[in-house]
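Working notes, structure below.
The values are calculated or read from the model by the stated rules, or taken from the named source; none is laboratory data. Keep in mind that this is a model prediction, so the values were computed, not measured. Cβ atoms come from the backbone with ideal geometry, glycine included; neighbour counts cover every protein chain shown. Accessible surface areas use protein heavy atoms only, side chains included; no ligands, DNA or RNA. Shrake-Rupley method; radii C 1.70, N 1.55, O 1.52, S 1.80 Å.
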Amino acid sequence: MSEAILIRGADVEGAGRTEILLVDGVIAETGVGLSRAGATVVDADGMVALPGLVDLHVHLREPGFESAETVDSGSRAGSAGGFTALFAMPNTAPPADTAGAVEQQLALGERTQRMHVQPIGAVTVGREGTHLAELGAMAHSRARVRLFSDDGACVADPVIMRRALEYVKAFGGAIAQHAEDPRLTKGAQVNEGTLSAELGLGGWPSVAEESIIARDVLLTEHVGSRLHVCHVSTAGSVEVLRWAKRRGVAVTAEVTPHHLMLTEQEVRGYDPRYKVNPPLRRDEDVAALREALADGTIDAVATDHAPHSDESKNCEWDRAAPGMVGLEVALRVVQATMIDTGMLDWRGVARVMSRNPARIGRLAGQGGRIAPGEPANLVLHDQAAPSVPVTAADLRGLSGNSPYLGRPLPGRTRWTLYRGRVTLRDGDVVETEEVRP
Ligand SMILES: [Zn+2]
Ligand SMILES: [Zn+2]
């Protein structure tokens, strides 16, 4: 049976209005004056159309912490935010450090049918940093793993990092590093500086991130491999990356929406919703990160969506788990910080939230382009929707630890389509049973 959807009036990546005809999960035609008998018509007048968003950095908590998030609930949150592919970090319990574990993760994603869930494999056994995990077996498994990370922990041992970088060369993989020298951040609670001293909280110094990035860039150049840097958070890291790219080192980097918008000043009220790792930084770091995203020094926006149950978040600052949810409103935060400030156009947003992440993760079948023959993965975003505060009803995962609750954000993500199936319909997440073909 042939299923057709005709999208009318959408502004494709800000380049002008085009009609988009989707047939059987594929973009069949773009242009003006398109028609198709029996097609469902979506009125996207005034909305911007982007290729389905791809998130390189998500914590889905299944298996092990299903009360905080599951693959299904996390992908519902993703659909609400315009995502059609998520990369799942391996810090589950047990961790995803074997071929069997990443295949299980892949299967959980396939069951939701609402997006592609791509497992990231652990670099070391148990994410303990001492013995390399079976990287080759994960790469050659059905999950086709190309990104490896011990995220939550840094691959701190330079010998292990070197071996991992050497190993992934064989299949075009990359190591995604959580850059944090653990010996420099012992007891750290907030960004190190005058504010940490004033609040009497342990400081997380920028150099703990920057020194690991510098080391890893040099190791990557030395062995001729590929490095991806997770959640870059400081102006100094941007300088190191700029230098590395000038040298031609194969390094890519991501920034989170929260590091593009929020500063350490938020932690003054000791509200654990603002506790995150790496921590919120200074105004000048935020400015440098925005500039780096605009000029291509930073390649991608990744949410680091990190759901936590109430028990681990609603407690005093010192004991609270670090992390924030971010999938549902990532595009709105990027609109506020990059579009509405004139630093990026919508084509740029398509690049940093769809094309680049798909390329960095070597994701097959996510075109990242709105063109005939590409899979019908799309998001329709109403950029003119008035700025309104984020409410609990906007969050579609199982956890409510969003730093944006009560904060006005512009725009509204209205429709998400994955392989031609509607997963977000005019702002409402479509139930999983309905998404399945
Ligand atoms: Zn991390
Ligand atoms: Zn993370």
Worksheet item: So how much accessible area does residue 343 have, in Å² to the nearest 10, using a 1.4 Å probe?
Response: 70
Worksheet item: What residue among 122, 95, 37 has its Cα farthest toward the positive end of the dipole of the chain, where the charges are +1 on Lys, Arg and -1 on Asp, Glu, each on the Cβ?
Response: 37
Response to the item:
Applying the span-like rule to the chain (DSSP H, Cα extent along axis at least 20 Å, Kyte-Doolittle mean at least -0.5) gives 99-112, 206-223
Worksheet entry | Charge dipole (segment 273-368, unit charges on Cβ, about Cα centre) - positive-most of 278, 300, 335 | 300
Discussion item. If you average the C-alpha positions of segment 265-307 and of segment 62-103 separately, how far apart do those two centres end up, in angstrom?
Written reply: 22
Item to complete: Work out the length of the dipole vector of the chain about its Cα centre, built from +1 on the beta-carbon of each Lys and Arg and -1 on the beta-carbon of each Asp and Glu, and round it to the nearest 20 debye.
Response: 960
Worksheet, complete the sentence: per DSSP, antiparallel bridges as share of beta bridges in the chain, % nearest 5, sits at 50
Worksheet item: Taking a probe of 1.4 angstrom, what is the accessible area of residue 194 in Å², to the nearest 10?
Response: 120
Practice prompt. Mind putting a number on the dipole of segment 167-316 about its Cα centre? Charges go on the C-beta only, +1 for Lys and Arg and -1 for Asp and Glu, and I need it in Debye to the nearest 20.
Written response: 540
Discussion item. Using the crude model of +1 on Lys and Arg Cβ and -1 on Asp and Glu Cβ, and no other charge, please compute the dipole size for segment 3-152 relative to its Cα centre, in debye to 20.
Written reply: 160
Fill in: Computed accessible area, residue 65, all protein chains, 1.4 angstrom probe, square angstrom
100
Practice prompt. Would you work out which of 81, 267, 397 lies farthest towards the positive end of the dipole of the chain, given +1 charges on the beta-carbon of Lys and Arg and -1 on that of Asp and Glu, about the Cα centre?
Written response: 81
Worksheet item: Tell me which lysines have Cα within less than 30 Å of residue 275's Cα, excluding those fewer than 8 residues away on the same chain?
Response: 186, 313
Worksheet entry | Taking segment 367-408 and dividing mean pair separation by its residue count, relative contact order in percent (alpha carbons under 8 Å, at least six apart) | 34
